[in-house]
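Please find one structure pasted underneath; my questions will follow.
The values are calculated or read from the model by the stated rules, or taken from the named source; none is laboratory data. Just so you know, these numbers come straight off a predicted model, no measurement behind them. Note: ideal-geometry Cβ built from the backbone for every residue, glycine included; neighbour counts use all protein chains shown. The area values use the complete protein model at the heavy-atom level, side chains included, leaving out ligands, DNA and RNA. Shrake-Rupley method; radii C 1.70, N 1.55, O 1.52, S 1.80 Å.
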Amino acid sequence: MTVETKHVVITGATSGIGEALVKRYSLSHNVIACGRNESKLASFATQGIETLKFDITSKQQVFDAANSIDNVDIVILNAGVCEYIDDANQFDSALFERVIHANLISTGYCLEAFIPKIKKGGQLVVVSSSASFLPLPRAQAYGASKAALSYLTRVMQVELQDIHVTLVNPGFVETPLTDKNDFPMPCLVSCEQASERIYNGVFNRCDEIHFPKRFTLFLKLFSLLPFKLWSPIAKRIKR
Ligand SMILES: NC(=O)c1ccc[n+]([C@@H]2O[C@H](COP(=O)([O-])OP(=O)(O)OC[C@H]3O[C@@H](n4cnc5c(N)ncnc54)[C@H](OP(=O)(O)O)[C@@H]3O)[C@@H](O)[C@H]2O)c1
């Protein structure tokens, strides 16, 4: 089957899931790979992949970047950070602000700047997390940012008429972000597996892509049950 060549913007393209998405999309599409890591962006450029260097937490940089490109078919907002609050009794509001800013407020900048760049009938893809399904230990900042991001994306699905919106909720994926985790990560998948799932789901214009199902369906099930059934499991994960 011939695949129509599309123009695809990918944020968080310099590492992990985003980098795997660049590899996957650039097999048959024109990619604009975004991030801050100059050496990674330079290596994309040597492969003929277009790049944009900007910090998503800077509204000015996001707008300058969006204004520098022509209209595109797909925008994948994947950039994100993860930091944990180790002690709830000594709540780290600076960490909380950093994570909410990077994962949520910056998405607002990207939506304002990039939505006008998406062609009619095009697609917006937002990478949230299955951490948004349930309260997880130490995830006050990350989980809250992703729960809000999922809500925001769902509202965009309801509101946008001419652009299809996909919400992506990965389970654990092996990347530099999760390499820092010091706890067991059930059903961990590779970046290549994650990018394949996302690529196929976006191709099929899915409303939600979540994987691996054996993990995300377990979380989804518990999110429907009374909190008192989940709470002891969450407390045991923390120990
Ligand atoms: N790995 C998992 O298990 C998992 C699970 C669920 C959801 N996710 C989500 O998937 C997305 C990608 O995660 P990953 O695991 O692939 O992480 P990663 O390997 O750490 O990559 C994060 C990417 O985000 C970019 N980024 C971070 N802060 C940025 C900023 N201020 N400005 C511009 N770019 C920024 C980084 O680029 P530069 O450093 O070049 O700026 C990098 O390319 C994130 O939204 C994450 O929350 C991951």
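Can you list the residues, at least 5 places off or on another chain, whose amide H is less than 5 Å from the amide H of residue 211, using H built in the peptide plane?
HN-HN under 5 Å from residue 211: 169, 171.
Could you report the range 1-143's accessible area per residue, 1.4 Å probe, as an integer in Å²?
It amounts to 46 Å² per residue over the range 1-143.
Given an 8 Å cut-off on Cα distances and at least 6 residues of separation, report the relative contact order of the range 7-238 as a percent.
Reported as a whole number, the value is 19 percent.
Please give the helix 140-159 orientation as an angle from the longest Cα principal axis of the chain, in degrees from 0 to 90, rounded to the nearest 10.
50 degrees
Hey, can you grab everything whose amide H is under 5 Å from the amide H of residue 165? Only 5+ residues off in sequence or another chain; H modelled, so Pro and N-termini drop out.
The answer is 124.
Given the DSSP H assignment, sum -39500 (n - 2.57) over each helix run of at least 4 residues in the chain and divide by its residue total; what's the result at 222 nm in deg cm²/dmol, nearest 500?
That calculation yields -13500 deg cm²/dmol at 222 nm.
With all protein chains present, how much of the accessible area of the range 7-238 (probe radius 1.4 Å) comes from carbon and sulfur, to the nearest whole percent?
C and S atoms contribute 54 percent here.
Something else about it: So which of 59/117; 6/119; 6/213; 23/53 end up more than 20 Å apart, counting from Cα to Cα?
As for pairs spanning more than 20 Å Cα to Cα, those are 6/213.
Please work out the FRET efficiency for the pair residue 98 and residue 4, using the Cβ-Cβ distance as r and a Förster radius of 30 Å; give the result to the nearest 0.05.
Computed FRET efficiency for residue 98 and residue 4 comes out at 0.15.
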